Amino acid sequence: MSFVRCFYNLSHLRCSSCCYMSAVVKDGYELHIMDQVTGSARRVEDERRLIRARATAAQSVGSSHSQDGSSRFVYVLSFFSALGGFLFGYDTGVVSGAMLLLKKEMNLSAFWQELLVSSTVGAAALSALAGGCLNGLYGRRKCIMLASFIFTVGGIVLSVAPNKTVLLFGRLIVGLGIGVASMTVPVYIAEVSPPQLRGQLVTINTLFITGGQFIASVVDGAFSYMGHNGWRYMLGLSVVPAVLQFLGFFFFLPESPRWLLQKGDTQQAREVLTQIRATENVNEEYDGIKSIIEEEEKEAGGGPVLCRILACAPARRALIVGCGLQMFQQLSGINTVMYYSATILQMAGVRDDKTAIWLSAATAFTNFLFTLVGVWLVERVGRRKLTLGSIVGTGVSLSVLAVGFLLSAQTSPPVTLHPSDPTSPNSTCTHYGFCEQCMLDPNCGFCYYENGSTISGSSCEPVDPANTEQAASGRCSNGTQEDPSALWAYNYCPTSYSWVVLLGLILYLAFFAPGMGPMPWTVNSEIYPLWARSTGNACSAGVNWIFNVLVSLTFLHVAEYLTYYGAFFLYTGLAVLGFLFLLGCLPETKGLMLEDIETLFSRRLCTCGALGGEHTHYIRPHLDLGKLHYGTLEPEEGIAYISLQ
Ligand SMILES: O[C@H]1[C@H](O)[C@@H](O)[C@H](O)[C@@H](O)[C@H]1O
């Protein structure tokens, strides 16, 4: 007989009410509990019987899910909720195409363009944080309805905006909707899903995010031909899915049964569970959830939820893992890669703007397609392996991108002409000797002729501040039409190594999209106990948005100081750090009841990762202030042991 030492001792349990004992039981083993009181082991037969009974009950809940959980209603429900993800993707993605038209029509300065993009992300960060309280107080359903209402108002304001101030106001409103939706939807889907479908259904939300980004780029492409007012359609179209979602939730989609139970609305909770599972046979699941929620409530104590999370070791560890996942998602540079995909494609030889827009749509489609692979894999290989595999591949692709940029920089064409610019005679642009230095200066662009792969007649010239697609004056300014054969490169240099960069881009999306894209959202929706779920998700979503703004706003500056390849090597380094963190800290949550997942965080942080295993069941014999929940042991000092036979 071998013993596994439990993760608590009873004296510790008395001071920290949120602790409990957890046990890892390998297939084919029987579970016994031994209570070793100051050295002398004692076998507890009753505990053994009761714990076995609970293990069987948990398994039967799992198997009843597999029949009932396949009810179509849960898919309908996930679809309507994931429209929130679609809007998140659409509204963050559509702005780049809209900006091309807006900056000309409203004469927007670079500052205003940046403001219109980052205001939305900033507002999303704030509202995601505030969403925690709203979720706890009013429930998931009302929060999703609130978000779709905000999206609708924002879409209308944007489509009728008479000036840039109203546009900014509209973008802020939309950002508020994105923040609330981004933290509520995964939680809602996780709470209504049966365990064996949960990963897939929550990952569908990220599929909708990337789908929204793809549709946004198609809409951008289509309306870019329209010219005048095209941006109104681009920004306004989001009203359609927003209204659809609002109506769906208003008329027939229910509140999360777990939230209802937490609020004490037991009858409604049972009805909703029956409706979602499409069977009357929900007693086991209902009782299981109810008893654990009651225990959790008792364990959780009073005071602000964030303080309670920080005071309770398992919840605190879950929060660190959740926020870390979201932080490393953004630090691996997804939004920089997506945003600069057009530039990367231009480097690869695509000169025409319209073609570049459509090729950006192809990039967004690749992101979407590989997220679909994630949906397929998540319940097959589990969250942990998927995330780790993904971050390794992401790191490798980032270094391929970096090497591509490095080779391009090393073979950067020289500047052969140094014309002085009459409009800005003191411009630094004319002093640069190579294209690489010229393109890293946001005020300059590279003007040249191309004959096959030979570059000639090249100069570095000031960019037109109102339109970066042309020089302020001279051969490459459209206004003078002086020399139609002259080519203008802003933000990139012509290079014969563009294929390496292109390869890096494709590899990046193929690795990032199935794992690091969706898993931070999926895992966060699962790892917190109910009492901490809203706040935990609010914090981690807030971290995601904060790092999103940070990475996007700093990229150009980082590139200016470290060059492009330096920036991508930096991201590679961050991906390596992320890998080490996740390797140690990310447990496997696949197939577990939401209520059992907290047990994975009962060990010291960064030993949780070691617990993942496909044939391992986690069983949680509940303890109530030093007394084994099933009733036979009195509180005693000591360490409990679980024996495996
Ligand atoms: O999971 C999503 C997804 O990967 C998106 O493509 C990205 O733009 C978001 O920032 C991220 O949170």
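Residues of segment 111-138 that are touching a Ser or Thr at 6+ places or on another chain (Cβ under 8 Å), of a type in the set (Gly, Ala, Ser) and over 20 Å from SER540 (Cβ atoms): SER118 alone. Tally time: how many residues in segment 385-413 are in a helix (DSSP H, G or I), polar (S, T, N, Q) and under 12 Å from CYS493 (Cβ atoms)? Summing the residues that are in a helix (DSSP H, G or I), polar (S, T, N, Q) and under 12 Å from CYS493 (Cβ atoms) in segment 385-413 gives 2. Only residues that are closer than 30 Å to ARG258 by Cα and either open to solvent by less than 10 Å² (accessible area, probe 1.4 Å) or within 16 Å of the ligand (Cβ to nearest atom) (or both) were counted in segment 535-551, giving 11.
Condition first: over 29 Å from the mean Cα position of the chain (by Cα) and without any contact (Cβ under 8 Å) to a residue 24 or more places away in the chain. Now tell me which residues in segment 270-285 satisfy that.
Passing the criteria: ARG270, GLU271, THR274, GLU280, ASN283.
Going by the conditions given, is ALA486 touching a strand residue (DSSP E or B) at 6+ places or on another chain (Cβ under 7 Å) and surrounded by fewer than 20 Cβ atoms within 10 Å (Cβ to Cβ)? When the stated conditions are applied, ALA486 passes them.
Whether a residue is modelled with pLDDT under 95, in a helix (DSSP H, G or I) and within 16 Å of the ligand (Cβ to nearest atom) was assessed, and GLN113 does not pass this test.
Scan segment 217-249 for residues that are of a type outside the set (Gly, Ala, Ser) and within 16 Å of the ligand (Cβ to nearest atom) and report the count.
2
Applying the condition of being open to solvent by 10 Å² or more (accessible area, probe 1.4 Å) and away from the ligand (no atom under 14 Å from the Cβ) to segment 505-533 and asking which residue is modelled with the highest pLDDT yields LEU507.
For VAL174, indicate whether it is part of a helix (DSSP H, G or I), within 16 Å of the ligand (Cβ to nearest atom), closer than 19 Å to PRO241 by Cα and open to solvent by less than 10 Å² (accessible area, probe 1.4 Å). So VAL174 fits the description; yes.
Of the residues examined, TRP499 is one that is open to solvent by 30 Å² or more (accessible area, probe 1.4 Å) and either within 29 Å of PHE370 (Cβ to Cβ) or within 16 Å of the ligand (Cβ to nearest atom) (or both).
Quick one: is LEU100 open to solvent by less than 60 Å² (accessible area, probe 1.4 Å), within 13 Å of TRP231 (Cβ to Cβ) and in a helix (DSSP H, G or I)? So LEU100 passes the test.
Within segment 283-306, being of a type in the set (Val, Ile, Thr) and out of contact with any Pro (no Cβ under 9 Å at 6 or more places or on another chain) holds for one residue alone: VAL305. Please count how many residues of segment 342-365 are under 17 Å from LEU398 (Cα atoms) and either modelled with pLDDT of 95 or more or open to solvent by 50 Å² or more (accessible area, probe 1.4 Å) (or both). Count: 0. Here the condition is being open to solvent by 10 Å² or more (accessible area, probe 1.4 Å) and either within 16 Å of the ligand (Cβ to nearest atom) or among the β-branched types (Val, Ile, Thr) (or both); of PHE169, PHE149, PHE214, it holds for PHE214 alone.
For THR554, the criteria (1) on the phi > 0 side of the Ramachandran plot; (2) hydroxyl-bearing (Ser, Thr, Tyr); (3) open to solvent by 40 Å² or more (accessible area, probe 1.4 Å) hold in every case but one, which is (1). Among the residues of segment 433-454, just one is open to solvent by less than 20 Å² (accessible area, probe 1.4 Å) and hydroxyl-bearing (Ser, Thr, Tyr), namely TYR448.
Search segment 188-209 for residues being within 15 Å of the ligand (Cβ to nearest atom) and more than 16 Å from VAL94 (Cβ to Cβ), and hand back the single one that is most open to solvent (accessible area, probe 1.4 Å).
ILE204
Restricted to segment 287-341, and to residues there that are outside any helix (DSSP H, G or I) and open to solvent by 20 Å² or more (accessible area, probe 1.4 Å), the residue that is nearest to THR599 (Cα to Cα) is GLY301. Can you say whether TYR492 is among the aromatic types (Phe, Trp, Tyr) and either part of a loop (DSSP other than H, G, I, E, B) or more than 29 Å from SER390 (Cα to Cα) (or both), as far as the supplied structure shows? So TYR492 fits the description; yes. Filtering SER182, SER119, SER159 for residues that are in contact with a helix residue (DSSP H, G or I) (Cβ under 8 Å, 6 or more places away or on another chain), in a helix (DSSP H, G or I), under 20 Å from LEU319 (Cα atoms) and among the polar types (S, T, N, Q) leaves a single hit, SER182.
The values are calculated or read from the model by the stated rules, or taken from the named source; none is laboratory data. Everything quoted here is computed from the prediction, not taken from an experiment. In this analysis, Cβ positions are derived from the backbone assuming ideal geometry, glycine residues included, and neighbour counts consider all displayed protein chains. Ligands, DNA and RNA are excluded from the accessible area calculation, which covers all protein heavy atoms including side chains. Shrake-Rupley method; radii C 1.70, N 1.55, O 1.52, S 1.80 Å.
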